[in-house]
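The values are calculated or read from the model by the stated rules, or taken from the named source; none is laboratory data. None of the values given here were measured: they were computed from a predicted structure. Because the Cβ atoms are built from the backbone with ideal geometry, glycine has one as well, and the counts that use them run over all protein chains shown.
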Amino acid sequence: MFLGERPIFDVYNSVKYDVLNELKKALTMNRVLSTTTASVTELKRNYAHVLEASEEEPVAILNHNRPEAYLLPATYYEKMLAYIEDLEDARLVNERTDGPFVKVNLDEL
C-alpha cells in the first residue's frame, strides 16, 4: 500500500514522530495553568495567606519556577468533580441515543 511515492507505514511513522515531538515540547515547556502562583517555600511559610489569595481559584505551586502541584480550594474541587460527572453522564446519553431499546409497559412495573 502506497500513499503517493511513500509506503503507508513511512507516513504513519512520520506522523507519529511529529506528534511525539509536539508532546515532548508541551511537556518541557512547563506551562502554568493558573492565574495565581506560589512557591513551595511560600506555601510552607504562609499556607493560610496563599489559600486566601487564591480567591477560590487554583494556585500553581512552583518548585524552582516549574509547576510542581496545584492547590485547589475545596469548593473548586467539588465543582470540578460535579462537572466531570455531568460530562460522563452526557457521554453515556450520547452513546445510548441510538439504542438498543427495551419496550416496557408501565402497568407491568
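What pairs can you find where one residue is in segment 46-61 and at positive phi, the other is at pLDDT 90 or above and not in a helix (DSSP H, G or I), and their Cβ atoms are less than 8 Å apart, with a gap of 6+ or different chains?
Glu55/Thr36; Glu56/Pro73
Being part of a helix (DSSP H, G or I) and at pLDDT below 90 is the filter here, so list the residues in segment 55-91 that pass it. Break it down stepwise before answering.
Within segment 55-91, the first condition is being part of a helix (DSSP H, G or I), and the residues that meet it are 74-91.
Those that are part of a helix (DSSP H, G or I) and at pLDDT below 90: none in segment 55-91.
Scan segment 18-37 and give yes if some residue there is in contact with a Leu (Cβ under 6 Å, 6 or more places away or on another chain), at pLDDT 90 or above and in the same structural domain as His64 (by TED's automatic domain parsing), otherwise no.
Yes, segment 18-37 has at least one match.
Among the numbered criteria (1) on the phi > 0 side of the Ramachandran plot; (2) in contact with a strand residue (DSSP E or B) (Cβ under 9 Å, 6 or more places away or on another chain), which single criterion is violated by Gly99?
(2)
Looking at segment 62-109 only, could you name the residues that are under 30 Å from Val32 (Cα atoms), of a type in the set (A, V, I, L, M, F, W, C) and either surrounded by fewer than 11 Cβ atoms within 10 Å (Cβ to Cβ) or touching a residue at least 12 places away in the same chain (Cβ under 8 Å) (or both)?
Leu62, Leu71, Leu72, Ala74, Leu81, Ala82, Ile84, Leu87, Ala90
Could you please give the count of residues in segment 28-54 that are surrounded by 12 or more Cβ atoms within 10 Å (Cβ to Cβ), of a type in the set (Ser, Thr, Tyr) and part of a loop (DSSP other than H, G, I, E, B)?
Looking only at that region, the number is 2.
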